[in-house]
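Since the structure comes first, as structure tokens, the remarks are kept for the end.
The values are calculated or read from the model by the stated rules, or taken from the named source; none is laboratory data. Nothing here was measured: the structure is a model prediction, and the numbers come from that model. Here Cβ is always computed from backbone atoms with ideal geometry, including for glycine, and neighbour counts include all displayed protein chains.
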């Protein structure tokens, strides 16, 4: 039995750093035992099937078991990618259910006014929680808006004042090492692709 995931890699193909072709990324995950591997755009989004954790648990116990399996799988993928491409790979995994919830639980109106706002999802790496991350992300009043979700922060920046946004200031912080950012269009598209 398998489980579908999207791996969201941080720090590849950005600013000329950690350049990885998507065909090579796909081949690497296949070599690591992942099935039905596909990529979406060049920012490090990989959809795949992975063997499911064994066990007959139900409810909360099953959820803890699945999270533990997911954490082990993420570490194994990071190790494999680091060896294959010569950089310190970091990634976070999301299930189809988590990505559907990301879309359904977005703040009211989020993503609806693309002419006025730039919308992003800041995916958090465990153990960093949204509650912990929220005060660590710099905001400028009247420009930046942030909302906490489940292992994600939703961000909206006023396009007319985007140069005044403080979101980019997070790049030099320790917290930035525990997150990766995707725009809303990419995030919602990944949710749709996982639902197929």
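Those residues that are surrounded by fewer than 14 Cβ atoms within 10 Å (Cβ to Cβ) and part of a helix (DSSP H, G or I), I need them from segment 162-187; list them, please. Break it down into steps so the answer makes sense when it comes.
First, pick out the residues of segment 162-187 that are surrounded by fewer than 14 Cβ atoms within 10 Å (Cβ to Cβ): 163-164, 168-169, 171-174, 177, 185.
Within segment 162-187, 163, 164, 168, 169, 171, 172, 177, 185 meet the criteria.
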Restricted to segment 93-138, and to residues that are without any contact (Cβ under 8 Å) to a residue 24 or more places away in the chain and touching a strand residue (DSSP E or B) at 6+ places or on another chain (Cβ under 7 Å), which residue is farthest from residue 51 (Cα to Cα)? 134
Condition first: modelled with pLDDT of 95 or more and either assigned to a helix (DSSP H, G or I) or out of contact with any helix residue (DSSP H, G or I) (no Cβ under 6 Å at 6 or more places or on another chain) (or both). Can you find one or more residues in segment 121-128 that meet it? yes
Within the group 93, 102, which residue is part of a helix (DSSP H, G or I), crowded, with 20+ Cβ neighbours inside 10 Å and at pLDDT 95 or above? 102
